[in-house]
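Below is one structure, written out as structure tokens; the observations come after it.
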Amino acid sequence: MSPMKPIRLPEPPSPTVSKGGLPDIFEGGVYGVVRRAVVIGNGFPVSENQCVGLVRALGLADKHVLYRVTRPKGGINEWLHWLPVSLHKTLDYLLRKIFRHRITPLVSENGGSVGLSSVLEADSKQIVTMARETYEKEGPLLVIASGRDTISIASSIKRLASENVFVIQINHPRTQLNRFDLVITPRHDYYALTPEGQEQVPRFLRKWITPHEPPDKNVIQVLTLGALHQVDFAALRSAASVWHDEFAPLPKPLLVVNIGSSSGYCRYGVDLAKHLTANLLRVIVSCGTVRICFSNRTPEKVSNVIVKELVDNPKVFIWDGQEPDPHMGHLAWADAFVVTADSVSMISEVCSTGKPVYVMGAEHCRWKLADFHKSLKERGVVRPFTGSEDISESWSYPPLNDTAEAAHKVHQALIERGWRLRP
């Protein structure tokens, strides 16, 4: 195999390295006592990916256990997801007792989104017992949670074992922040408090969009520009090697196109798909290869428009959704990206590479998602996709480094608590 072509990435800022060869974030000698973590997920990759990304950045990638909060599924349960998860489970239990065999068996969703054969069901009392019983030998437990359904579990752990755990909630819980030790949330969550937000967001919706309560003095709040994720320089280096044989021979430059779907904050449809397709046909002359990926949420009417126009183009490859997922290979080997404006997570990942990122459809976004795109543009991280670009011309910017920066804030908070991370 020919030598791997170096991936053209500006290396992200790294922690100061000590004389012992370890980053300072892991220094602590015999006093380094935080060496394990519990991740509490909700079954959605977008949420769980943020938790695991923070765990990686803290050096605990192989020292964590994943628990998951699950809801009953099937039948009437699909209409009850707005209920608090504990009430939903209680109601499901009562309905099964009343109707017995007339209700279909409970479908388990554990393990489905992260490639695990089994994931432990999140139980606050069980986790608290484990944290207390192992505290003397293993030290304090780091608990990292994300998603609405995880809030009650994480806050219960904090309430019952505050001396044995450090609880981090990712994304604003829309509840009292003093139920956690640290909360990580994107800046655009506070959009409704800005002058623009006051004008645009109806008053009755503001409390659902923006938390009003300032952080308690005992709670640390970390604000990020985008979402946390697992894409760091080491992961990209590894992906570049894994995908070398498939991507190295491709004609350059390689343009990767990631297409999501309409959302409540960013509505679009077939018209955007047609516009995107027309723009791709205009820039394809400056591309060696174009690889297109749809998310599992992309409407068929959107994907059909793009596939119909581009599937027969010899420069274009459209991923069929079958494993293995080339996403990490794309991040490592692409020369530039075109992404739709709907997904903060997707955009945060591609913007962590330092490579050119062109966004399609930002004008369709509103409120806090519009504020997110405004912040990216002000930092020179993204440009609108107009169809007049020369993909062979590169440009760069300081990569988004939210995950590493959040990990640094967590480390500082642990030091203030009297704890340190230990490798």
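Of G329, G387, G354, all but one fail to be among the small types (G, A, S), at positive phi and out of contact with any Pro (no Cβ under 7 Å at 6 or more places or on another chain); the exception is G387. Restricting region 345-361 to residues that are crowded, with 22+ Cβ neighbours inside 10 Å and of a type in the set (G, A, S), the residue that is nearest to the chain's Cα centre (by Cα) is S348. Helices (runs of 4 or more DSSP H) fully within region 292-398 that include at least 1 residues being touching an Asp or Glu at 6+ places or on another chain (Cβ under 8 Å): 327-333, 344-351, 367-378. Report whether or not R100 is in a helix (DSSP H, G or I) and at pLDDT below 80. Yes: the conditions hold for R100. Can you find a residue that is in a loop (DSSP other than H, G, I, E, B) and free of Cβ contacts under 8 Å to residues at least 60 places away in the same chain anywhere in region 274-283? For region 274-283, residues in a loop (DSSP other than H, G, I, E, B) and free of Cβ contacts under 8 Å to residues at least 60 places away in the same chain: absent. Going through (1) part of a helix (DSSP H, G or I); (2) out of contact with any Ser or Thr (no Cβ under 6 Å at 6 or more places or on another chain) one by one, V167 falls short only on (1). Evaluate region 302-321: report whether one residue or more is closer than 30 Å to L228 by Cβ and small (G, A, S). Looking for residues that are closer than 30 Å to L228 by Cβ and small (G, A, S), one finds at least one in region 302-321, hence yes.
For region 360-413, the tally of residues that are acidic (D, E) and within 16 Å of V339 (Cβ to Cβ) stands at 2. Only one of C287, C293 is modelled with pLDDT of 95 or more and out of contact with any helix residue (DSSP H, G or I) (no Cβ under 8 Å at 6 or more places or on another chain); which? Step by step, each of C287, C293 is checked, and only C287 is modelled with pLDDT of 95 or more and out of contact with any helix residue (DSSP H, G or I) (no Cβ under 8 Å at 6 or more places or on another chain). Look at V382 and say whether it is at negative phi, in contact with a Leu (Cβ under 6 Å, 6 or more places away or on another chain) and modelled with pLDDT of 95 or more. Yes: the conditions hold for V382.
Picking from residues in region 176-193 that are surrounded by 16 or more Cβ atoms within 10 Å (Cβ to Cβ) and at pLDDT below 75, the one that is nearest to R417 (Cα to Cα) is Y191. When the residues of region 372-384 are filtered to those that are in contact (Cβ under 8 Å) with a residue 24 or more places away in the chain and surrounded by fewer than 21 Cβ atoms within 10 Å (Cβ to Cβ), the one that is farthest from S396 (Cα to Cα) is S375. Restricting attention to region 141-152, the residues being within 16 Å of K125 (Cα to Cα) and surrounded by fewer than 23 Cβ atoms within 10 Å (Cβ to Cβ) number 1. Filtered by the rule that a residue be under 21 Å from P251 (Cα atoms) and among the polar types (S, T, N, Q), region 279-315 gives N279, S286, T289, N313.
The values are calculated or read from the model by the stated rules, or taken from the named source; none is laboratory data. Given the structure is predicted, the values throughout are model-derived calculations rather than measurements. Here Cβ is always computed from backbone atoms with ideal geometry, including for glycine, and neighbour counts include all displayed protein chains.
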